[in-house]
Each structure stands twice: as C-alpha cells, then as structure tokens.
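The values are calculated or read from the model by the stated rules, or taken from the named source; none is laboratory data. Here the structure is a predicted model, which means the values were calculated and not measured. Here Cβ is always computed from backbone atoms with ideal geometry, including for glycine, and neighbour counts include all displayed protein chains. Just so you know, the surface numbers come from the protein's heavy atoms only, side chains and all, with ligands and any DNA or RNA stripped out. Shrake-Rupley method; radii C 1.70, N 1.55, O 1.52, S 1.80 Å.
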Amino acid sequence: MKVHKDLTHLPQFKGAVITTGAFDGVHKGHQQIIQRMKSIAQEIDGETIIITFHPHPRKIISSVPGEIKQLTNLDERTALLEKAGIDHLVVVKFDHRFSNMTAEEYVRDFLVAHFHPQYILVGYDHRFGSGRVGNFELLENQGKQWGFKVEELSEQLVEEEIVSSTLIRNYILDKNIHQANNLLGYPYFFEGYVIRGNQLGRTIGYPTANLHINDEEKLIPSNGVYAVKVKGKSTNGALLAGMMNIGVRPTVDGHKKVIEVHIFDFDQDIYDQELTVFVYEFIRGEQKFNGLEELKNQLAQDKVKVASILQQYP
C-alpha cells in the first residue's frame with residue numbers, strides 16, 4: 001500500500017475506486033466496504049483508494065474537541081488498512097477551510113480534480129460538504145456530470161447491530177469488550193511505555209508493568225480488571241498472557257489513575273520499552289480490599305479466571 005500525504009504530488013490513478021471517511025477502528029463495517037472496493041477494482045482492472053482525514057473531522061467541528069477519543073490513531077489505521085489490502089491511502093489535512101467546502105465544491109475541486117474517480121463507494125446515510133447537505137442523490141447527479149459511478153452500501157450488520165465506530169467506543173466504555181471486539185474483528189489494543197511505579201505488586205508476588213500512554217486521543221477502557229495479552233521488544237513478537245488493572249488502586253490509598261499489567265510467567269526488565277496491550281474481556285470492577293493479603297487472594301482468583309478465558313483466544 002502506498003501512503004500519500006500531499007495532494008499536489010498524487011500519481012495518475014488507474015481506474016480509481018475510491019471511498020472517503022475517518023475509518024476509525026477499521027471495523028467489520030469498514031472491512032465490508034473494503035472488500036466491495038477490491039471486487040470492483042478487480043472487475044475494471046483499477047486501483048483501490050481510501051481517502052482519510054487527519055485530524056479526525058469531529059475534532060475540528062466539535063464544540064468540545066478535547067472529548068474526542070479514537071479507537072485508532074493514524075499509524076494504527078494505516079497498518080490495518082495495509083493489512084486489508086488497499087492499494088493507496090491518501091491522508092488529507094482536515095481543517096475549517098476544508099470543512100466549509102460546499103458539497104458541489106467537494107466533488108468538483110477535491111474528488112474529481114485530484115482523483116478522477118471511476119467509482120465512488122459511500123456508506124449508508126453518507127453526508128459531506130458544508131452543513132452536511134451532500135448525500136447519495138447529489139453525488140449520483142454529480143457522477144453523471146463528471147463521469148463516475150456511485151454505489152451506496154447498506155447498513156453493515158453484525159448479529160443484528162449496525163456497526164459503527166461510535167457503537168464500538170460505547171461498548172468499550174461500558175466494559176463490554178467481548179462485543180466491541182466482535183464488531184472490530186480483532187481484539188482492541190493500545191500502546192504504552194513502561195515506567196517505574198512504586199513496585200508494590202512485586203512485594204506480593206504480582207509485579208506489574210506500569211504504562212504511560214503518549215496518545216491523548218486514544219480511547220482507554222474504563223476502570224477495572226481485564227484479561228489481556230501483550231507484546232513488545234522483550235517478547236520477540238510473541239503474545240504473552242496477563243491481566244490489566246486500570247484505576248486508582250484504592251486498597252493502597254491511591255489517588256492517581258494508573259494502567260498496570262501483570263504478565264504471567266514473565267520476569268524481565270522492560271522499563272522504557274513500548275508494549276502493545278490487546279484487551280480481550282472485562283473481569284471485574286475496581287474495589288477496595290481490607291489490606292494487602294485480601295488483595296493478594298483476589299489477584300490469585302483473578303489470575304485463574306483470566307488464564308481460563310485467554311485459553312479461548314489462542
């Protein structure tokens with residue numbers, strides 16, 4: 001997959017089959033759009049082109065941009081789209097000037113001028129242009145003028161639910177990780193750097209990797225204990241089982257929110273290394289125990305439960 005970040009230096013696309021969107025999460029709904037794009041491109045001997053926007057459009061047009069959290073950052077989206085087999089990814093800077101283009105200007109001065117599309121695929125209820133007045137009918141009429149075909153894909157359903165990035169975000173925040181992963185098509189993940197904590201876990205037999213998340217826009221699951229797998233430089237690419245706690249650690253009078261992962265059967269120095277955490281299931285909420293011994297007993301029960309759950313995910 002070729003990645004383009006400069007509209008002034010785009011190649012001459014051959015039989016361009018394009019779609020646009022944030023593609024946050026590259027979930028099963030997105031994946032069905034991608035499969036249809038690839039099918040059309042094969043029929044006409046063309047190329048698949050996804051046009052995505054950075055920063056996320058909602059960050060620009062939202063009245064409270066700081067509340068915008070994403071399932072995937074740009075690098076993660078790029079990797080997922082490459083894995084899906086897209087030919088070209090075009091990353092367009094989204095700003096107020098771009099958002100104020102009329103629907104007709106968006107088609108003529110952006111889509112046609114830069115991509116000369118042969119096919120444009122849009123999702124169900126797709127809207128574009130200033131005021132979001134552009135829709136499938138307008139795009140179809142513009143296609144007759146500019147010589148491209150338009151196809152609208154129906155609502156993407158998984159187990160009778162319409163798949164959307166918003167729905168998946170809500171599932172993650174509601175601790176329904178299993179259903180979020182079902183709609184994503186892969187386990188939700190995030191990256192963090194291992195930093196030094198107070199090393200309390202080591203004293204009770206459960207050493208943890210404390211994680212610092214650099215990406216402020218990345219959606220982090222709600223407080224609680226989770227079944228996870230991790231990989232990093234020290235794991236040589238292998239996925240290692242573990243359990244993660246997110247919260248303030250009330251048993252030890254914690255006040256600062258932390259993300260800590262206990263990796264099973266692992267004892268290496270991984271400070272300052274980056275770990276990728278894959279989240280599989282929510283185990284229990286954060287709770288305060290009557291001392292470290294009670295906490296230790298609960299952690300032993302958690303570990304047995306997590307180990308059993310993760311056996312289902314080879």
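If the condition is being assigned to a loop (DSSP other than H, G, I, E, B) and over 24 Å from the mean Cα position of the chain (by Cα), then the stretch 94-135 contributes N100, M101, T102, H116, P117, Q118, G129, V133, N135.
Would you say V17 is assigned to a strand (DSSP E or B) and either of a type outside the set (G, A, S) or modelled with pLDDT under 90 (or both)? Considered against the rule, which asks whether it is assigned to a strand (DSSP E or B) and either of a type outside the set (G, A, S) or modelled with pLDDT under 90 (or both), V17 comes out as yes.
Among the residues here, G134 qualifies as farther than 30 Å from T208 by Cα and open to solvent by less than 80 Å² (accessible area, probe 1.4 Å). Kindly evaluate E152 against the criterion of being surrounded by fewer than 17 Cβ atoms within 10 Å (Cβ to Cβ), under 17 Å from H30 (Cβ atoms) and touching a helix residue (DSSP H, G or I) at 6+ places or on another chain (Cβ under 9 Å). Spelling it out, E152 is indeed surrounded by fewer than 17 Cβ atoms within 10 Å (Cβ to Cβ), under 17 Å from H30 (Cβ atoms) and touching a helix residue (DSSP H, G or I) at 6+ places or on another chain (Cβ under 9 Å).
Under 7 Å between Cβ atoms, at least 6 apart or on separate chains: pull out the pairs that start in the stretch 70-95 with a residue that is within 9 Å of V26 (Cβ to Cβ) and end on any residue that is open to solvent by 20 Å² or more (accessible area, probe 1.4 Å) and at pLDDT 95 or above. The qualifying pairs are L71/R169; T72/L80; L81/M1.
For the stretch 292-314, the set of residues classified as open to solvent by 30 Å² or more (accessible area, probe 1.4 Å) and of a type in the set (D, E) consists of E293, E294, listed by residue number. Of all residue pairs spaced 6 or more apart or on separate chains, those with beta-carbon atoms under 8 Å, a first member in the stretch 159-183 that is more than 24 Å from K229 (Cα to Cα) and a second member that is among the aliphatic types (A, V, I, L, M) and open to solvent by 70 Å² or more (accessible area, probe 1.4 Å) are V163/L157. Residues that are of a type in the set (D, E, K, R), in a helix (DSSP H, G or I) and either within 27 Å of N141 (Cβ to Cβ) or open to solvent by 10 Å² or more (accessible area, probe 1.4 Å) (or both) within the stretch 64-93 comprise E67, D75, E76, E82, K83, listed in sequence order.
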